[in-house]
Amino acid sequence: MTTHFSAATRRLSNRFSDKMFDRTSVLILSIWMLAIIYPIYFIIIASVSEPSAVYNGNVWFAPSGFTLEGYQRIFSDPTIIHGFLNSVFYTALATTISVTLIVTGGYALSRPDLPGRKTITFLLVVTLFFDGGMIPRYLVVQQLGMINTIWALVLPGAVGVWNLLIARSFFEVTIPRELLEAAKIDGASDFGFFFRIALPLAKSLAILMVMIHMVANWNAFFDALLYLSDADKYPLQLVLRNILIQSDMSSGPMSGDVESYAQAQRVAELVKYGTIVVSTLPIIALVPFLQKHFTKGALLGAVKS
């Protein structure tokens, strides 16, 4: 009787603990989700609200004094469209090159029969801890004749070592050596095995790398600021940065009388919030379509290091 009572008590206790754990987890994740989503939502509603309302704390859940003047001023500048097209081209090219090098390099490093495999891996890992710095990198790009060209934005950071190691681990775990041996018995060459068997199995890994490099290349502006001198080649991020700086300068003490100074400050605030939305919205719009593949690829690539 006592044993039955103790077992029932344990079951009730475990059931209560499970419910408390579930509720606590939901509460924590909900707070975390709000902490991530609300700042983005606030930027969006602030970009279409009167700056005075934002300053006075009247903008919390809905726009106040709805206006699209900030977006009208941003898109009235023809450099925005040109910068957007440049960013799309740069992001597509850089992502294609990076993913191609990482997937092929990761597969090669996963093969135990690769000559010098451990040495190559060691030299790659060293670069994770030691970096030459901005000035040596600039001198290398300059000596290679890539200054003020698209290649200065694409090639220096084409291969992320950490992503390459993830790709290597993915192939080591996903592609057993017995599968390669069976394919060779059937007459498949190394290239045939890679393109017909290994690459289709690496779909989740490839999509994971596409997302990582797409976001990184889309948001990058420092390399363009460093290497590009022709304004026609500026990506969107650099164009928006320059517009934002010009707006801030127009709200300075050189603006003239008080009315023009106040108006310049108002426009600067609208432009500031608008540029944040314009630069982040394309990437945010793509995430829901790739989230499933991103999660799967991240888990498969993190099984072994």
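The values are calculated or read from the model by the stated rules, or taken from the named source; none is laboratory data. Everything numeric in this text was worked out from a predicted model, so none of it was measured. Using ideal geometry, Cβ is built from the backbone for each residue, glycine included, and neighbour counts are taken over all protein chains shown. For accessibility, only protein heavy atoms count, side chains too; no ligands or nucleic acids. Shrake-Rupley method; radii C 1.70, N 1.55, O 1.52, S 1.80 Å.
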**OP:** Quick one: which residue in ILE102, ILE80 is at pLDDT below 90, under 27 Å from the mean Cα position of the chain (by Cα) and not small (Gly, Ala, Ser)?
**Re:** ILE80
Original post:
Tell me, which residue of the stretch 182-198 that is within 19 Å of GLY106 (Cα to Cα) and over 29 Å from the mean Cα position of the chain (by Cα) is surrounded by the fewest Cβ atoms within 10 Å (Cβ to Cβ)?
Top reply: PHE191
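Checking the structure you have, find out if any residue of the stretch 19-38 is under 28 Å from GLN263 (Cβ atoms), at pLDDT below 85 and surrounded by 10 or more Cβ atoms within 10 Å (Cβ to Cβ).
So the first thing to find is which residues in the stretch 19-38 are under 28 Å from GLN263 (Cβ atoms), and the list is none.
No, every residue in the stretch 19-38 fails to be under 28 Å from GLN263 (Cβ atoms), at pLDDT below 85 and surrounded by 10 or more Cβ atoms within 10 Å (Cβ to Cβ).
Could you tell me whether any residue of the stretch 176-196 is in contact with a Gly (Cβ under 7 Å, 6 or more places away or on another chain) and not polar (S, T, N, Q)?
No - not one qualifying residue is present in the stretch 176-196.
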Subject >> Qualifying positions in the stretch 76-99 - more than 18 Å from ALA152 (Cβ to Cβ) and loosely packed, with under 14 Cβ neighbours inside 10 Å >> reply: SER76, PRO78, ILE81, LEU85
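If you check TYR71 against the conditions, is it under 24 Å from ALA216 (Cβ atoms) and open to solvent by less than 60 Å² (accessible area, probe 1.4 Å)? I'd like the intermediate steps shown before the answer.
Details: under 24 Å from ALA216 (Cβ atoms): no; open to solvent by less than 60 Å² (accessible area, probe 1.4 Å): yes.
When the stated conditions are applied, TYR71 does not pass them.
Restricting attention to helices (runs of 4 or more DSSP H) lying wholly within the stretch 132-183, give those where 2 or more residues are free of Cβ contacts under 8 Å to residues at least 12 places away in the same chain.
On the way: elements: 134-143, 151-154, 161-174.
In the stretch 132-183, 134-143 are the helices (runs of 4 or more DSSP H) which contain 2 or more residues that are free of Cβ contacts under 8 Å to residues at least 12 places away in the same chain.
Checking the conditions here, which among LEU236, LEU164 is at pLDDT 90 or above and either among the aliphatic types (A, V, I, L, M) or within 19 Å of ALA92 (Cβ to Cβ) (or both)?
Values: LEU236 fails: at pLDDT 90 or above.
Checking each option against the conditions leaves just LEU164.
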Original post:
Among the listed residues LEU144, LEU139, LEU153, LEU201, which satisfies the condition of being touching a helix residue (DSSP H, G or I) at 6+ places or on another chain (Cβ under 9 Å), closer than 30 Å to GLY83 by Cα and open to solvent by 70 Å² or more (accessible area, probe 1.4 Å)?
Top reply: LEU144
**OP:** Just name the residue that is most open to solvent (accessible area, probe 1.4 Å) out of those in the stretch 211-239 that are in contact (Cβ under 8 Å) with a residue 40 or more places away in the chain and not in a helix (DSSP H, G or I).
**Re:** SER229
